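The values are calculated or read from the model by the stated rules, or taken from the named source; none is laboratory data. Everything numeric here is computed off the predicted structure, so don't read it as measured data. Note that we place each Cβ from the backbone using ideal geometry, even for glycine, and neighbour counts take in every protein chain shown.
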Amino acid sequence: MVVDPRNTSRLEWLSALDIEQEPSHVRKSSIICTLGPKTQSVEMITELRKVGMNVARMNFSHGSHEFHGKTIANVRESEEVYKARPVAIALDTKGPEIRTGNTEDGKDLPFKIGHEILFTTDAQYAKSGTLERMYIDYANLSKVVAPGRTIYMDDGIMAFEVLECLEDGVRVVARTNGALASHKGVNLPGSDVDLPALSDKDKADLTFGVEQGVDIIFASFIRTAQDVRDIREHLGARGKHIKIVVKIESTQGVANFDEILVETDGVMIARGDLGIEIPAAQVFIVQKMIIAKCNIAGKPVICATQMLESMTYNPRPTRAEVSDVSNAVLDGADCVMLSGETAKGDYPLHAVQMMSDISLLAESAIAYPPLFNEIRAATVYPVDTTEATCSSAVNAALEQNAKAIICITTTGTSARLLSKYRPSIPILVVTRDYHTARHVHLSRGCYPFHYQKPAPTRSSDEHEARDQWQNDVDERIQFAIANALDSGLLKKDDVVISIQGWRGGVGNTNTMRILRANVDTKGKLMGSNANSRAGTPAPSSPVLRPVSFKALKHHLSPNSKKTPEPAAKKL
């Protein structure tokens, strides 16, 4: 069944999907990988990048500054070894978390239902937890809980009912069987936890991150907009380039989400702790609500936690995990994240490749034209000039059956706004700013190209300066087309949309052009305005590009042993 996507409904689009046809050859969702002991080396980081990693995450709930510093250095060295694309580095803060201390001799503590234990806030027991007494690093524990309340540990695996509140802790009884290890997270659902947004450890970690040149902060347990402002203030002038992505993982964060969204650069739905703070059955509602609000606002949103958890120790995911990743992409997530799968798992490369395959196929099932119309209808008008230009460019891409949109940008704002309107084609982001080249990985469909040629010295003559600017823009467009042709993102004579400003500076994006992907032997554009002239026929109308599950058959087959070649990657 062939459908003109410009005049179809979402249901008609979905009804025309065909598993026997191949999807688009490029993935638009970004993949965030947590780096740990098994994936810290330059060689392993490079392999992760080759199979699809776009953002490297450092989890500062674990590991020393020395460990993370080495990992960051290895990521940057990998960029020199494998120059295909920049990779962003994200620092994930410990946040105002509550955790257990260490067990005695580092051994797990086995619990049976009905076993009583004292959870103490006395720091002298921080490194000597036993079945009789275990340290919890929250001084006000006994003040915010009450008899009958439940304390959860280790992502909700262990549950304890409060029996008695004491001056230096609480006496509890185990309501589940299991084993408790050192340094596990503690959740107090329904309690008004009064921890500061930034602990002393967080402040030290943020300072370290600024010194190390990280690109993104994943800020844990954000509860109010003021929490975001506090983090931005601590980053200071030296860290002004760092993007702040808040992690929503508490009832307070959900309740205050609208005010938080105004302040933040992006959002992560941290479903692990969130699924303990609220009933697990409600997590999907929060996921869909947050993703929708981020899509309307044009801010990046990440779906995280246990996405391919079984691949930590198994070479293939469960069918439920495949559906989870697919639905996160269909919901509108810009990025999907791997945690233990790549930090400590036995199959980190398999996990990233699988994430890439699933995301690619899910993207092919999206009804892009109806989605574009929905986003425009949900946007509050009037919009500024930059957003109007971006929206028009995505619409022109649909009408012209363009194969890519080229975005000339300094800060990445225009790239983010192009991504907001969810084009079905790649956004080729050309920027001189290396931070921007890394940041745009947060937005779906953005393929960064770092343009290293210095900007020309601006002439004092206004007309000459304008000519200089236009020539510089043309050179950057040529750079994008040449690289896209070389990498297979474009073919000769493909229609390309470009957006840029009519003059230099931030916030001046106001111009759209329709081009052909032709570059002569000197790297000059040929027929650069061919399709912008009145009367020039547009390419043939686009038809539905259906989804295929062929790429998954090998992974999901119980007889599969050999690692297949990587599926299409987001460059």
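What the table below lists for this structure:
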item	result
Residue in segment 239-249 that is modelled with pLDDT under 95 and not aromatic (Phe, Trp, Tyr) present	yes
Residue list for segment 395-437, restricted to those being under 25 Å from residue 296 (Cβ atoms), touching a residue at least 60 places away in the same chain (Cβ under 8 Å) and in a helix (DSSP H, G or I)	396, 397, 398, 399, 413, 414, 416, 417, 418, 419, 420
The listed residue being exposed (fewer than 15 other Cβ atoms within 10 Å of the Cβ), in contact with a helix residue (DSSP H, G or I) (Cβ under 9 Å, 6 or more places away or on another chain) and either in contact (Cβ under 8 Å) with a residue 60 or more places away in the chain or not hydroxyl-bearing (Ser, Thr, Tyr) (or both), out of 19, 45, 31	19
Any hit, segment 369-379, residues being outside the structural domain of residue 255 (by TED's automatic domain parsing) and assigned to a loop (DSSP other than H, G, I, E, B)	yes
Extreme residue, farthest from residue 200 (Cα to Cα), among residues of segment 140-154 that are loosely packed, with under 14 Cβ neighbours inside 10 Å and small (Gly, Ala, Ser)	148
Any hit, segment 81-90, residues being in contact (Cβ under 8 Å) with a residue 24 or more places away in the chain, in a helix (DSSP H, G or I) and in the same structural domain as residue 57 (by TED's automatic domain parsing)	yes
Only one of 271, 229, 238 that is touching a strand residue (DSSP E or B) at 6+ places or on another chain (Cβ under 7 Å) and either farther than 24 Å from residue 207 by Cα or of a type in the set (Lys, Arg) (or both)	271
Test result for residue 112, among the basic types (Lys, Arg) and within 27 Å of residue 279 (Cα to Cα)	yes
Residue satisfying all of: in segment 18-74; acidic (Asp, Glu) and outside any strand (DSSP E or B); nearest to residue 357 (Cα to Cα) among these	22
Where residue 506 falls short, out of the listed (1) surrounded by fewer than 13 Cβ atoms within 10 Å (Cβ to Cβ); (2) part of a loop (DSSP other than H, G, I, E, B); (3) under 29 Å from the mean Cα position of the chain (by Cα); (4) at pLDDT 90 or above	(4)
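Residues are listed down the side, and each one gets a yes or a no for (1) closer than 29 Å to residue 283 by Cβ; (2) part of a strand (DSSP E or B):
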{"residue": "118", "(1), (2)": "no, yes"}
{"residue": "134", "(1), (2)": "yes, yes"}
{"residue": "139", "(1), (2)": "no, no"}
{"residue": "147", "(1), (2)": "yes, no"}
{"residue": "155", "(1), (2)": "yes, no"}
{"residue": "179", "(1), (2)": "yes, yes"}
{"residue": "183", "(1), (2)": "yes, no"}
{"residue": "186", "(1), (2)": "yes, yes"}
